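Beneath this line is the structure, given in structure tokens, with notes to follow.
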Amino acid sequence: MKKDSSRSVVLYSAVCLLLMTAFSARAQNPPGVSEKTILIGSCSALEGPSHSLGVETVNGANAYFSSVNEEGGVNGRKLKLIAYDDSYDPAKTETCFNRLMDDKVFALGFFVGTPTAVKYVPLAESNKIPVIGLFTGAQTLYTPLRHWIVNVRASYYDETREQMDGVWDKLGYHNVGVIYPEDAFGAAVLGGVKEALKTHGAEPVKVASYERQTANVGGAIDTVRAAKPQAVVVVGPPNTVAPILKQAHAKGWKPLFLTVSFVGTDELILEAGDDAEGVVITQVVPPYYLTDLKGVALYRRTLSKYAPSARPNFVSLEGFVDAVVMVEGLKRAGKELSREGLIHGIESIHEEDLGLGSQLKLNYSARSHKGFDHVIPTVVRGGRAVPFTDWSTAAPK
């Protein structure tokens, strides 16, 4: 009897120890992490006039997460993306962020837009939660270094520098105008244009703003047109840039129009139709139809399998690439996940080839949270954004 009693005590103690160990392991997991799952949160424009940008970004990210999950997840944990709508409206950002905090997500990603991002950044920093991949190139996200913010794409300063160097040096266009929305996005791109022109000892010949998220652009068009610029940088999402192009062309005004990647190239072409022809758009990822690039081919296969109704485009490709970066960081963070570990994991990525071309290699460090700095100029020809290296081919015909 005494032996049986002793064995029971030993067995009981062993069970208790196992339970305590398991409980302790669970208790040590950070928010959003269980033994089987990692929760990632997103706020973006899933509704409203700019919804295509948020929907496509999330489509690309979800497709990659699904492929990773089918292969067993990250260190045995499946990824779950919780995506909420903020309608690209700064007034909705705090509510959206708080919903994700209530859901106890581990990290954040796939946010869309500058006016919303500048609201999310201080919230993320105060909560010490990583944000990986934002569909915006606003300089404030890059400088100064923000420990909890990881950018993947090149900045708007990179894009506008490519544009201004091209029109100034290659085309000889020295009179540049800017039409921009009255928000943080407009200010960010305008700042990039001014900074780029400053290196040429110049400034825009005329700038004019319009009310964000509206098609009330006639006044801005007339103001800039009066200065007779040879090239005009038009800033906005597709639902506002398309009306600018249409109204400008209807007035018989056809300078070289340029815009940055945030415009959502494919949606712009859809909304503007023939009026998109000849517009120069700088891209931060390669064209999604260049399937000779391994990374692009992987994106196309993955999107076709996990989001068969979605059409390939620049925006969802960027969301896909952002997800690749997040997953690589999670893998490098190891089984014992922590938010700080995710940041360190991404900082350890050096000269990582994602199959997007020799000039698009990821390169992070503790001093730089900017993955890419390469920009690809494209011009709309026949309803498609075509990359070019010779700026003379982009001159209005």
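The values are calculated or read from the model by the stated rules, or taken from the named source; none is laboratory data. Since the model is a prediction, treat every value here as computed from it, not as a measurement. Neighbour counts run over all protein chains shown; Cβ positions are idealised from the backbone, glycine included. SASA here: full protein model, heavy atoms, side chains in, ligands and nucleic acids out. Shrake-Rupley method; radii C 1.70, N 1.55, O 1.52, S 1.80 Å.
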Only listed residue being among the acidic types (D, E) and touching a Phe, Trp or Tyr at 6+ places or on another chain (Cβ under 8 Å), chosen from E340, E347:
E347
Across segment 240-259, which residue is most open to solvent (accessible area, probe 1.4 Å) among those that are in contact (Cβ under 8 Å) with a residue 60 or more places away in the chain and outside any helix (DSSP H, G or I)?
K254
Please state which one of T95, T143, T116 is surrounded by fewer than 19 Cβ atoms within 10 Å (Cβ to Cβ), on the phi < 0 side of the Ramachandran plot and not in a loop (DSSP other than H, G, I, E, B).
T95
Going by the structure shown, is V58 under 16 Å from T136 (Cα atoms) and either at pLDDT below 95 or among the hydrophobic types (A, V, I, L, M, F, W, C) (or both)?
yes
Identify, please: which residue in segment 143-157 is touching a helix residue (DSSP H, G or I) at 6+ places or on another chain (Cβ under 8 Å) and not β-branched (V, I, T) and is, among those, nearest to G192 (Cα to Cα)?
Y157
Tell me which residues, restricted to segment 215-239, are in contact (Cβ under 8 Å) with a residue 60 or more places away in the chain and under 24 Å from the mean Cα position of the chain (by Cα).
V233, P237, P238, N239
If you go through segment 325-362 one residue at a time, how many are at positive phi and either in contact with a Pro (Cβ under 6 Å, 6 or more places away or on another chain) or acidic (D, E) (or both)?
2
Which residues, taken from segment 331-367, are of a type in the set (G, A, S) and in a loop (DSSP other than H, G, I, E, B)?
G334, S338, S348, G355, G357, S358, A366
How many of the residues in segment 164-206 are in a strand (DSSP E or B) and surrounded by fewer than 22 Cβ atoms within 10 Å (Cβ to Cβ)?
1
From the option list V375, V325, single residue qualifying as open to solvent by 10 Å² or more (accessible area, probe 1.4 Å), within 30 Å of E271 (Cβ to Cβ) and not small (G, A, S) is V375
Identify, by number, the condition in (1) assigned to a helix (DSSP H, G or I); (2) open to solvent by less than 10 Å² (accessible area, probe 1.4 Å) that R161 doesn't meet.
(2)
List every residue pair whose Cβ atoms sit under 8 Å apart, with the two residues 6 or more apart in sequence or on different chains, where the first one lies in segment 263-288 and is in a helix (DSSP H, G or I) and the second, anywhere, is surrounded by fewer than 22 Cβ atoms within 10 Å (Cβ to Cβ) and among the charged types (D, E, K, R).
D266/R311; I269/R384; A272/K246; D275/K246
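Conditions tested, residue by residue: (1) under 17 Å from H51 (Cα atoms); (2) out of contact with any Leu (no Cβ under 7 Å at 6 or more places or on another chain); (3) in contact (Cβ under 8 Å) with a residue 12 or more places away in the chain.
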{"position": "G76", "(1), (2), (3)": "no, yes, yes"}
{"position": "A83", "(1), (2), (3)": "yes, no, yes"}
{"position": "D89", "(1), (2), (3)": "yes, yes, yes"}
{"position": "V105", "(1), (2), (3)": "no, no, yes"}
{"position": "F110", "(1), (2), (3)": "yes, yes, yes"}
{"position": "G113", "(1), (2), (3)": "yes, yes, yes"}
{"position": "Y120", "(1), (2), (3)": "no, yes, yes"}
{"position": "L123", "(1), (2), (3)": "no, yes, yes"}
{"position": "N127", "(1), (2), (3)": "no, yes, yes"}
Among the residues of segment 255-307, how many are touching a Leu at 6+ places or on another chain (Cβ under 7 Å) and among the hydroxyl-bearing types (S, T, Y)?
2
List every residue pair whose Cβ atoms lie under 8 Å apart, where the two residues are 6 or more positions apart in sequence or sit on different chains, the first residue falls within segment 320-333 and is closer than 15 Å to G355 by Cα, and the second residue, located anywhere, is among the aliphatic types (A, V, I, L, M) and open to solvent by 20 Å² or more (accessible area, probe 1.4 Å).
V321/L354; V324/L354
